[in-house]
Amino acid sequence: MIHAGITGGIGSGKTTVCRIFAALGIPIYYADERAKWLMVKQPELVAGIKALFGPAAYLPDGSLNRAHLSQQAFGDPALLGKLNALVHPAVGQDGLEWQNAQTAPYTLKEAALLYESGSYRFLDKIIVVTAPLELRIERVMARDKVTREAVESRIKQQMPEEEKVARADFVVYNDGTQSLIQQAYGIHRKLIDLAQGEQ
Ligand code: ATP
């Protein structure tokens, strides 16, 4: 079985493109959502986060105290690094277990930080969704009802999109000029061929 990853900068359209693959019957692991879930549900990870950030890391109802975490980690790259060193392997292990339980010709793992987190190393092929910077900013401002500055500051924290595109096995151009469905279907066929070649 082939294990592919799909990534792209904020607002590039990863989730939109994933909907097409999901409609084609491909199982998708949404790593960012799953990470949030694991951070409150997986006992070892919860214990590790409490050890790093203190008991105030969680609110009385058991949910993550995001304000406390961002306040502590803000301007402390070492602490943020330690948090990532706990979360990334936990999501990696969970993703592996998920992959092993699938029966499709290939699987997709969607993550905003596939390259930054290092999880690309465990994937056979990477799809990068890309869109012009201005379009991404406008789409996220409209979707999240946030300011241009807020979007730009999130974009600055990510690997430059050109670098992701240069490293990709497949690129989906979400600039409104090319059909997303046709592009996704073309990649789908190639991944199926690859999976069949493996058998
Ligand atoms: P994030 O990293 O923030 O999760 P994303 O890469 O998953 O973003 P999407 O949520 O798929 O991006 O797209 C961002 C916004 O742009 C959404 O509101 C989506 O509906 C819209 N959008 C994406 N692609 C298109 C398109 N081709 N035409 C019109 N709107 C689009």
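We did not get these values from a lab; they are worked out from the coordinates using the rules stated. Please read these numbers as outputs of a predicted model, since none were measured by experiment. With ideal geometry, Cβ positions are generated from the backbone for all residues, glycine too; neighbour counts draw on all protein chains shown.
Got the relative contact order for the chain handy, in percent, Cα pairs under 8 Å and 6 or more residues apart? Reported as a whole number, the value is 38 percent.
Considering every pair of different Cα atoms, what Kirkwood radius, in Å, is found for the range 140-199? Could the numbers behind the result be given before it?
Numbers: mean 1/r = 0.0695 Å⁻¹.
14.4 Å is the Kirkwood radius here.
From helices alone, the chain scores -17500 deg cm²/dmol at 222 nm; the rule is -39500 (n - 2.57) for each run of n ≥ 4 DSSP H residues, then divide by the residue total. Could you state the number of Å between the C-alpha centres of the range 99-176 and the range 42-77? A separation of 26 Å, based on Cα centres. Fewest neighbouring Cβ atoms within 10 Å first, the residues Lys14, Lys41 line up as Lys41, Lys14.
Among the chymotrypsin sites (Phe, Trp or Tyr not before Pro) within the range 58-161, those in coil by DSSP and having at most 10 neighbouring Cβ atoms inside 10 Å are Phe74. Principal axis extents of the C-alpha atoms in the chain (largest first, rounded to whole Å): 50, 41, 28. With 10 Å bins beginning at zero, the pair-distance distribution over Cα atoms of the range 18-125 amounts to 13, 42, 29, 15, 2 %.
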